[in-house]
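**Q** Here it is, the structure, as structure tokens.
The values are calculated or read from the model by the stated rules, or taken from the named source; none is laboratory data. Quick caveat, the model's predicted, so the values are computed rather than measured. When we count neighbours, we look across all protein chains shown, and the Cβ atoms used for this are built from the backbone with ideal geometry, even at glycine. Areas reflect the complete protein model, heavy atoms only, side chains present, ligands, DNA and RNA absent. Shrake-Rupley method; radii C 1.70, N 1.55, O 1.52, S 1.80 Å.
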4 protein chains.
Amino acid sequence: MKIGLLTSGGDCPGLNAVIRGAVLKGVISHDAEFVGFRKGWKGVVEGDFMPIERHDVRGLSKQGGTILGSSRTNPFEGEGGGPENIQRMLDENGIDAIIAIGGEGTLTAARRLTDAGLNIVGVPKTIDNDLAATDYSFGFDTAVEIATEAIDRLRTTAESHGRCIVVEVMGRHVGWIALHSGMAGGAHAILIPEQPQSIDQICEWVESVRDRGRAPLVVVAEGFHLTDMEEAHSHKGLDAFNRPRLGGIAERLAPMIEERTGIESRDTVLGHIQRGGAPSAYDRVLATRLGMAAIDAVYARAWGSMVTLRGTDIKTVSIAEAVGTLNVVPDARYDEARILFG
Amino acid sequence: MKIGLLTSGGDCPGLNAVIRGAVLKGVISHDAEFVGFRKGWKGVVEGDFMPIERHDVRGLSKQGGTILGSSRTNPFEGEGGGPENIQRMLDENGIDAIIAIGGEGTLTAARRLTDAGLNIVGVPKTIDNDLAATDYSFGFDTAVEIATEAIDRLRTTAESHGRCIVVEVMGRHVGWIALHSGMAGGAHAILIPEQPQSIDQICEWVESVRDRGRAPLVVVAEGFHLTDMEEAHSHKGLDAFNRPRLGGIAERLAPMIEERTGIESRDTVLGHIQRGGAPSAYDRVLATRLGMAAIDAVYARAWGSMVTLRGTDIKTVSIAEAVGTLNVVPDARYDEARILFG
Amino acid sequence: MKIGLLTSGGDCPGLNAVIRGAVLKGVISHDAEFVGFRKGWKGVVEGDFMPIERHDVRGLSKQGGTILGSSRTNPFEGEGGGPENIQRMLDENGIDAIIAIGGEGTLTAARRLTDAGLNIVGVPKTIDNDLAATDYSFGFDTAVEIATEAIDRLRTTAESHGRCIVVEVMGRHVGWIALHSGMAGGAHAILIPEQPQSIDQICEWVESVRDRGRAPLVVVAEGFHLTDMEEAHSHKGLDAFNRPRLGGIAERLAPMIEERTGIESRDTVLGHIQRGGAPSAYDRVLATRLGMAAIDAVYARAWGSMVTLRGTDIKTVSIAEAVGTLNVVPDARYDEARILFG
Amino acid sequence: MKIGLLTSGGDCPGLNAVIRGAVLKGVISHDAEFVGFRKGWKGVVEGDFMPIERHDVRGLSKQGGTILGSSRTNPFEGEGGGPENIQRMLDENGIDAIIAIGGEGTLTAARRLTDAGLNIVGVPKTIDNDLAATDYSFGFDTAVEIATEAIDRLRTTAESHGRCIVVEVMGRHVGWIALHSGMAGGAHAILIPEQPQSIDQICEWVESVRDRGRAPLVVVAEGFHLTDMEEAHSHKGLDAFNRPRLGGIAERLAPMIEERTGIESRDTVLGHIQRGGAPSAYDRVLATRLGMAAIDAVYARAWGSMVTLRGTDIKTVSIAEAVGTLNVVPDARYDEARILFG
């Protein structure tokens, strides 16, 4: 078989390990051939790909990013888009199947293309850990590790100056990175999209920490919202193009906390360092196993399926069933962590 | 309630995080009191303990080792040993329950003491990940991370000199650390206790790597055995006290590989660095959750039970059912990794 | 002797190692007694201090921040301020000398107090490495290491998406952190306060990188200024309190680069993570040696002197001569690095 | 000019950064051409080299090892060895000059070849920091950092079990790595080749630590010798080939300490992990600067010179004057550290 690989959407640590796992398994076990589509679906729609030989994946398991590049192109749009055009491109190039590594959007597109007859298998990618079909997704552990290391560092400087530090981590719709890094780093409050809080509640936690003689450390997911949005709006400014700006949530929370509690407060936004660089060992193992399992799914001709982690096992599930449900932090997990607040 | 904590057996990263999780949960949710027995069961048998207040666990989640100390004392032996003596000591000091953090031996002892009427709850500790009752145990992820980082480093020096490097990791009875760190580090052979191999097979893998122009990297668990023990014995020497010595497995394998393949070979034994230092974020979260869940088990008076990880959930299981089964690497997991050998 | 220690100004990794070095050297070699003033000169002015015993400094060499706390209090101001009040407080408490660990401001104050008769020895602290009297100051190496690790991570995500990333590091008046981390991380442009550049020059570097098929990585010190400030101003907005805001330099540069070159650009501000957490081994050794040498200076009654690094030696110099000269990046060092730009 | 590069002797972190610095500087500033000799002088003697283009050094600054390979071949031996043969090979291939990156042996050979008329410039490489001509050599800082991190980890497990841990670090003739990592890690005794100690003195330090309630941590350089060698010999065994073996120094010291003090003792040998993997930021900067300065020396036709670090400056010195003096740890530096022992 000749198999095409693509990585789509925001990158995260482990993408290259998936590619390596798939290529080694395919070449060694099945004598498969591989090509890599450049920049996700864009390469598919434009027929832009390169051969991938065994030696091309050498040393990739520890390399961050994706050697294939990525984009947010929609495979149903543009001149070469849509199932027929794509199938024609595949036929012309003798490509038998596609392994699509991506998030909710990519997997949904993969399913629709599979419904239209294409041979596609999915590998879930979400650094936020927001896909319900898999216990954990690769990249998440690395992001938590990086955020935890940052929190460890921020705590010592917070204590030296008796400051409150608000650190913003990734998590647009779900708070997993904030929950785990906050728990690991011993945060005094963890604010996540699933659990809006009032500024009063947050300040209560912060003051209780100060009253015990410590420097408060607040971890906030970028998608967190205050219950009382009035407060948020009163702190908006204008952005670089003179449009109203809200700024990141940490940038807004820090002055609100300082104003209400009198505790000098600073914000830090971890940003892109959470998604770059070498994956943790956990993520390398998970990504390698998912890549290898995707080859099994290809040779089982399980089109429209995706590989996932369940407990300690890699399973194959139907994309149709897998997507569409956001993997939110359950109340029980937040309540468990909340005991440690304040 | 007044709850006694103990840590027993070889230490591993996360013990302090369990202690912190238990104490914070107990103090905040139940207004519990805590004491810590010094050096595992030794402190129980000798009635040697210290109070643990909330502020004593401050900052502990990231601290390696155990503030309580550890030993391999058997609670059924010695003057203060056995259920009656221990119960008397607990009564005299108003201690209502014990949370025992330890491995197979500690948990079995805990079960026997519980059978005799003592109030004990267990928390599984095994850096080797050899307890079948839990998907993963804390300390394991950290050990894998440290071993993987070492392998990453060893590869560059191996390549510079065209050498074969044999790196020995922990794993007396099971090969989980070798399997995961080897997979994460892209090892060319992974040797584990569950899967004895012949020296011929190992050299075949090593030569195949050399023939592709690369420097072979072999990861071996300390408990691995060759199928052809004659070979091993022919390389024994004498130890520091003039007794016959086998040396570690890596120390024996490296010269055998060099002798047979002609490839210059070196061994490295990671040893104690795998069990010391700050736990990974993964282990901190797992250990904190287990510590908190142990308090739930205490207040549910679930004596004789232990807390475990299943998928993403912390569960409570009966120690009686949980111990006695070694968590070996399944054939399927080894076969999965073996494809990448050579 | 009874010696008082204080740490003043912004904290940085290594302060605790200085304290430990001084206390161990003093206790072991001279049987000295120690107290620590809380929050820098504030503790001196208010007579607020605590005893420091040998066991209090245990494990401190690797601990970030300062156990004494810090502030920006001026010792010449307030009720207990000024040389006479301070001398009276020292006499009343039997304190014979002060070791002041701080930056330009603290050292200048120390010199003035020494001129007025007080027994003070200085230890230079500047994470920016902006004091000319010492080859390197502790904290700097750690900051460079953290910034370099961040740059390593940012590069992989930049490459995956073909983006330009502008990363802002510390350096208000001098560009040492940017220079070293940029050189270590292989940055394509390094922008420092000592070397203003035009936006046209920056975009020329960025485009040249893109033309070679790579993702541009720009490191900018927080104190960098464009030569054409009009450009900067056209991108200003309003801050959270509706006052004109300039934002950080990275936040302003990224959209300017994107607008002019058409390359998608992102900014990341490393902020406080650069000054927190465990010091590098280099900084621990330097800080320990400086702390020990400060005791030598105290027992040599070299009041008004400070300890510094020259080559591989710790020297003692007069504060009066040492302060007042900013340790700027010399043109030759910038030219050396500039060859690698673009 | 067409310049040949070679790396010789044991590898260390930063070799690739030197190569990258030299190639970028040469290509950008002088439009130079580069070739790399494979495996040190072996490639020179055998005329075995490969072209190095600008894109070949991409990303090299953070990569451990050497892309050129290394060996311990002597350029005066073998069929193609000696100045005339080498000059002929260079002439035949149009190679104008050689940059030789290596230790004492390589530099001495380079000087002799220069004396015979060859155009060679040297870059000092010694992970042990044993060359007197340079304040520090690249690779040393990384090795110290790795050893310090290991010591940090070993301390927590030592404390948990009340054990003495003896950790062996590199340093055959000089004790710099032991001195710096021991100081950074807060070791209770540092044993270096320059300062033989008796086993009685070592045990006195160890017992004093135990008496203060702590777990002793001893750092020993591989080249350390006891003053009373009888002791050492009484602990020898036989090696794998039945020849008398001494084992490593740590392996011998641990049982001696345990026997005499009654404190359970363990040894750990860090070995090859100290010389592999990504260089620290410090080493990347130093190596890059040395590589660039080597090009300056080439274009200055400063044959027979080598580049070195003096304070914060890169200087050029004559190899003839530079080699031959071992950079031992001065007594003053050992005395400084020794105060902290016990």
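**Q** Determine by what factor the alpha-carbon radius of gyration of the stretch C:1-123 differs from 2.2 N^0.38 Å, reporting the quotient.
**A** The stretch C:1-123 yields a ratio of 0.96.
**Q** Pop a pseudo-label 7 angstrom from the Cα along the beta-carbon direction at both A:Thr227 and B:Arg72 and give the gap in nm to one decimal.
**A** 5.5
**Q** If you don't mind, another one. In the neighborhood of D:Arg212, defined by Cβ-to-Cβ distances under 14 Å, what is the net charge if each Lys or Arg adds +1 and each Asp or Glu adds -1?
**A** Local charge sum for D:Arg212: -2.
**Q** Using a 7 Å offset from Cα along the direction of the beta-carbon, what are the separations from A:Arg172 to the same position in each other copy, nm, ascending?
**A** Reported distances to equivalent positions: 3.7, 5.0, 5.6 nm.
**Q** Place the label 7 angstrom along Cα→C-beta at C:Arg338 and in each other copy, then list the distances from the first to the rest in nm, shortest first.
**A** Nearest to farthest, the other copies are at 5.0, 5.8, 6.2 nm.
**Q** Same structure again: Please say if the protein assembly as shown is rounded, prolate or oblate, where rounded means a/c under 1.5 for a ≥ b ≥ c the square roots of the C-alpha gyration tensor eigenvalues, and otherwise the choice is prolate for a/b larger than b/c and oblate otherwise?
**A** rounded
**Q** So, R0 is 35 Å and r is the distance between the beta-carbons of B:Ser198 and A:Ala300; what FRET efficiency does that work out to, to 0.05?
**A** 0.60
**Q** So, one more: Return the loop-located trypsin sites (Lys or Arg not before Pro) in the stretch A:265-342 (DSSP other than H, G, I, E, B) with at most 16 other Cβ atoms within 10 Å of their own Cβ; answer none if there are none.
**A** Those that pass, being in a loop and sparsely packed, are A:Arg301.
**Q** Among the listed pairs D:Lys42/D:Lys315; C:Lys39/C:Lys62; D:Lys25/D:Lys62; A:Lys62/D:Lys2, which have their C-alpha atoms separated by more than 23 angstrom in this model?
**A** The answer is D:Lys42/D:Lys315; A:Lys62/D:Lys2.
**Q** Can you give the local net charge around A:Glu33? Use residues other than it whose beta-carbon is closer than 14 angstrom to its beta-carbon, Lys and Arg +1, Asp and Glu -1.
**A** Result for the local shell: -1.
**Q** Considering amide H positions built from the backbone, and no H for Pro or chain starts, which residues 5 or more places from D:Val269, or on another chain, come under 5 Å of its amide H?
**A** D:Glu168
**Q** Over all residues in A:139-150, what is the mean tally of Cβ atoms on other chains that come within 10 Å of each residue's Cβ?
**A** For this peptide, the per-residue mean of nearby foreign Cβ atoms is 4.
**Q** For the residue pair A:Thr325 and B:Lys315, what label-to-label distance in nm results when each label sits 7 Å from Cα along the Cα-to-beta-carbon direction?
**A** Reported label-point gap for A:Thr325 and B:Lys315 is 1.8 nm.
**Q** Quick check: net charge around B:Ile319, other residues with Cβ under 11 Å of its Cβ, Lys/Arg +1 and Asp/Glu -1?
**A** Summing Lys and Arg as +1 and Asp and Glu as -1 gives -1.
**Q** Let me understand chain B better: what is its radius of gyration from the alpha carbons, and its Dmax, in angstrom?
**A** Looking at chain B, its Cα Rg and Dmax stand at 22.1, 71 Å.
**Q** For the stretch B:140-274, with only Lys/Arg (+1) and Asp/Glu (-1) charged at the beta-carbon, what is the dipole magnitude about the Cα centre, in debye rounded to 20?
**A** 220
**Q** Can you list, shortest first in nanometers, how far D:Glu259 lies from the same residue in the other copies, with each label 7 Å from Cα toward Cβ?
**A** Going from nearest to farthest copy, the values are 2.9, 7.4, 7.8 nm.
**Q** Normalised by the number of residues in the stretch A:1-46, what is the relative contact order in percent for Cα pairs under 8 Å and 6+ residues apart?
**A** 57
**Q** How far is the Cα center of the stretch D:275-325 from the Cα center of the stretch B:77-118, in Å?
**A** 65
**Q** Please give the direction-averaged projected area of the C-alpha convex hull for the stretch A:48-105, in square nanometres with one decimal.
**A** Over every viewing direction, the Cα hull of the stretch A:48-105 projects on average to 5.1 nm².
**Q** Partner chain Cβ atoms within 10 Å, averaged over the residues of D:16-23 - can you pull that number for me?
**A** 1
**Q** Report the residue of chain D with the smallest Cβ-to-axis distance, using the rotation axis that brings D onto C, in whole Å.
**A** Nearest Cβ to that rotation axis, in whole Å: D:Gly311, 2.
**Q** Next up: Taking 8 Å as the Cα distance limit and 6 or more residues as the minimum spacing, I'd like the relative contact order of chain C as a percentage.
**A** In percent, rounded to a whole number, it is 23.
**Q** Principal axis extents for the stretch C:140-274, Cα atoms only, whole Å, descending order, please.
**A** Extents along the principal axes: 37, 34, 26 Å.
**Q** Would you mind calculating the relative contact order of the stretch D:75-143 from Cα pairs under 8 angstrom and at least 6 residues apart, reporting the percent as a whole number?
**A** RCO, the stretch D:75-143: 25 percent.
**Q** Quote the accessible area belonging to D:Thr156 in square angstrom, nearest 10, computed with a 1.4 Å probe and with ligands, DNA and RNA left uncounted.
**A** Result for D:Thr156: roughly 30 Å² accessible.
**Q** What total accessible area, in Å², is buried where chains C and D meet, using a 1.4 Å probe and rounding to the nearest 100?
**A** What C and D bury together is about 3500 Å².
**Q** Continuing with this model, one more query. For D:Lys125, give me every one of the aspartates and glutamates with a C-alpha distance below 14 angstrom, ignoring sequence neighbours fewer than eight places off in its own chain.
**A** Hits, sequence-local ones excluded: D:Asp11, D:Glu104, D:Asp135, D:Asp141, D:Asp283.
**Q** Oh, and also: Which whole number gives the average count of other chain Cβ atoms within 10 Å of the Cβ atoms across peptide B:64-75?
**A** Shielding by partners across B:64-75 averages 3.
**Q** May I ask you to evaluate 6.51 cos²θ - 1.76 cosθ + 1.60, the Karplus curve with θ = phi - 60°, for each residue of the stretch B:66-81 and list the ³J(HN,Hα) values in order in whole Hz, giving x for glycine and proline?
**A** Result, ordered by residue: 9, 5, 8, x, 8, 7, 10, 4, 9, x, 9, 10, x, 4, x, x Hz.
**Q** If you don't mind, another one. Which of these, C:Ala332, C:Ala215, C:Ala287, has the largest mean-square fluctuation under a Gaussian network model of chain C (Cα springs below 10 Å)?
**A** Looking only at C:Ala332, C:Ala215, C:Ala287, the biggest GNM fluctuation is shown by C:Ala332.
**Q** A further question follows. Please list A:198-204, C:180-186 highest first by mean number of surrounding beta-carbon atoms within 10 Å per residue.
**A** Per-residue Cβ counts within 10 Å, averaged per peptide and sorted highest first, yield C:180-186, A:198-204.
**Q** If amide hydrogens are placed 1.01 Å from N in the peptide plane, which non-local residues have theirs closer than 5 Å to the one on B:Glu33?
**A** B:Lys2, B:Ile3
**Q** Separate question: Using amide H atoms built in the peptide plane, which far-off residues or other-chain residues are under 5 Å from D:Leu191 H to H?
**A** The answer is D:Val219, D:Val220, D:Ala221.
**Q** Post the alpha-carbon centroid distance, the stretch B:1-30 to the stretch D:14-63, in whole angstrom.
**A** 55
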